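A short worksheet on the structure shown next.
Derivation of every value follows stated rules applied to the coordinates shown; laboratory data play no part. Nothing here was measured: the structure is a model prediction, and the numbers come from that model. Please note: Cβ atoms are built from the backbone with ideal geometry, for glycine as well, and neighbour counts cover all protein chains shown.
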Amino acid sequence: MGRLAVNGGKQLYGDISISGAKNSALPLLAAGLMTAGGTGLTLSNVPDLADTRLMICLLKQLGMTVQQDAGTIAISGATTNTDAPYDLVSQMRASILVMGPLLARYGEARVSLPGGCAIGSRPVDLHIRAMQNLGAVVELADGYVQARTPDGLKGSKIIFPFVSVGATENAMMAACLATGTTQLINAAQEPEIIDLAACLSAMGGKISGAGTDVIIIEGVSALGSARHAVVADRVEAGSYAIAVAITGGELCLKQMVPAHLESLFGVMRQAGINIESRTDEVRVSSTGHYRGIDVETQPYPGFPTDLQAQFMAMMCLADGHSKISETIFENRFMHVPELVRMGADIQVEGRTALVKGKQSLLPAPVRATDLRASVSLVLAALATEGESVISDIDHLDRGYAALDAKLGACGAVLQRLD
């Protein structure tokens, strides 16, 4: 468990290139299990993260041939087994995404129940129900999801009781090789869903409606070779936009899709932050003074739950009060006690946090509890005079590629300890 020392009080100036999206790269890597023959699936702009490295290890464990050249990953071959073991899957919840591809191509899968950030209940039952709707026989035994398709996967209508990005992705991949037509009702609409659909289509899949709440997949007999670039990480871009809002200064966020962050940029503009959007970049400037704004997390295109902790850190230093409501995960305020250690004034009532802005926070030793909480503490520390030390930053490395180097190049003072 490493530590990060942050000497705050420095304004940020410069350019930051946004990496490929973690939440897109993980299902795209899993989709590599479905490529048959040829050169396989080649993904570019893959971020170098603990989670992507873990998914690559899992693909190799399953028998796939994986070649790496910087941010380009080539996946080919065929699996030698369909067992995703506990020691890998327990480290990352997104590992459940191999279930759909394995069932679709090989007719069986044995996947350990997943682990990952402790930010509340994220049950795999929606994934299991989707596979059952497609004709899979699924059992839970010894901490594993064991599934098989004795008669192959059959197209079906799958109605999700609530929006789930992961379950939508798993169902999309499995349905690509099912016989007949599959309809996904109340599907997730995130940009990462559109990115996965584009990749699967390039491999020969027939998908329409991605980006809406109804996705239709016409099953095909096989998926072939393709090349695909991972979409830019909107959460990383949003985190850096919030960073300069808190510290003051000006950053140009490059190689991103501004439209993917309209929900964030809208409330930041209301708060008084200057944001100029261009084709593939955004310029954010701030005096470090802004108003408190209320937000409520919602599925895309609403305000992202993955930016809630970062936005709360920003509101801790706002002029006035703000109310932040979390509707996606029931336990995603784990960063609150750590922000309070830094002097923040936050009261939690159920799934709502009431934040009273202050002129400054205090440096303190704090602990990261999950991925997005970890970066919220970095952002708060950047605006705090003095040195704060953030422990357990392995969470940070799961979702942010070279964060200390990127911020350091723009004037922040950060140092890895241990």
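Can you tell me, using C-alpha contacts under 8 Å and at least 6 residues apart, the relative contact order of the chain as a whole percent?
Numbers: 1058 pairs, mean separation 87.8, N = 418.
So the answer I get is 21 percent.
Kindly give Rg over Rh for region 258-360, based on alpha-carbon atoms, with the Kirkwood expression for the hydrodynamic radius.
Details: Rg = 13.6 Å, Rh = 14.1 Å.
Reported Rg/Rh, Kirkwood definition of Rh: 0.97.
For a Förster distance of 45 Å, can you work out the FRET efficiency between the beta-carbons of Arg269 and Glu387, rounded to the nearest 0.05?
For R0 = 45 Å, the calculated efficiency reads 0.90.
Quick one: angle between helix 262-271 and the longest Cα principal axis of the chain, in degrees between 0 and 90, rounded to 10, please.
Approximately 10 degrees, to the nearest ten.
Thr247: net charge of surrounding residues, Cβ under 13 Å, Lys/Arg +1, Asp/Glu -1, itself excluded?
Net local charge, Thr247 excluded: -1.
Under a cut-off of 27 Å between alpha-carbon atoms, report the lysines in cross-link reach of Lys157, not counting same-chain residues fewer than 8 places apart.
Within reach: Lys206.
Which value, to two decimals, describes the C-alpha radius of gyration of region 343-412 once divided by 2.2 N^0.38 Å?
Against the empirical 2.2 N^0.38 Å value, I get 1.19 for region 343-412.
Where does the chain land on Rg/Rh, using Cα atoms and the Kirkwood Rh? List each step's numbers first, then the result.
Details: Rg = 21.4 Å, Rh = 21.8 Å.
My calculation of the ratio gives 0.98.
Alpha carbons only, please: Rg and Dmax for region 22-229, in angstrom.
Here Rg and the maximum Cα pair distance are 15.1, 42 Å.
Once Rh is set to the Kirkwood radius over Cα pairs, what Stokes-Einstein translational diffusion coefficient, in µm²/s, holds for region 1-77 at a temperature of 25 °C and a viscosity of 0.890 mPa s?
Estimated via Stokes-Einstein, D reaches 172 µm²/s.
Report, in degrees rounded to the nearest 10, the 0 to 90 angle that the Cα long axis of helix 371-382 makes with the longest principal axis of the chain.
With rounding to tens, the tilt is 20 degrees.
Stokes-Einstein diffusion coefficient for region 295-418 at 20 °C in a medium of 1.002 mPa s, Rh from the Kirkwood formula over Cα pairs: what value in µm²/s? Mind showing how you got there, number by number?
Working: Rh = 14.7 Å.
It comes out at roughly 146 µm²/s.
Order these by the 10 Å Cβ neighbour count, fewest first: Ser360, Ser374. Write down the numbers at each step before the final one.
Numbers: Ser360 13, Ser374 29.
Exposure proxy ranking, most exposed first: Ser360, Ser374.
Have a look at the DSSP beta bridges in the chain and tell me what percent are antiparallel, nearest 5. Don't skip to the end; give the middle numbers.
Details: 58 of 83 bridges.
About 70 percent, rounded to the nearest 5.
How much mean residue ellipticity at 222 nm does the chain get from its helices, if each DSSP H run of length 4 or more adds -39500 (n - 2.57) and you divide by all residues, to the nearest 500 deg cm²/dmol?
-8500 deg cm²/dmol
According to a simple spin-label model (label point 7 Å from Cα along Cα-to-Cβ), what is the distance in nm between Asp87 and Val348?
Using points 7 Å along Cα→Cβ, the separation is 3.5 nm.
Among DSSP beta bridges whose residues both lie in region 22-229, state the antiparallel percentage, nearest 5.
Around 70 percent of the beta bridges assigned by DSSP in region 22-229 are antiparallel ones.
Quickly work out the Thr279-to-Ala202 label distance, labels modelled 7 Å from Cα along the C-beta direction, and quote it in nm with one decimal.
1.9
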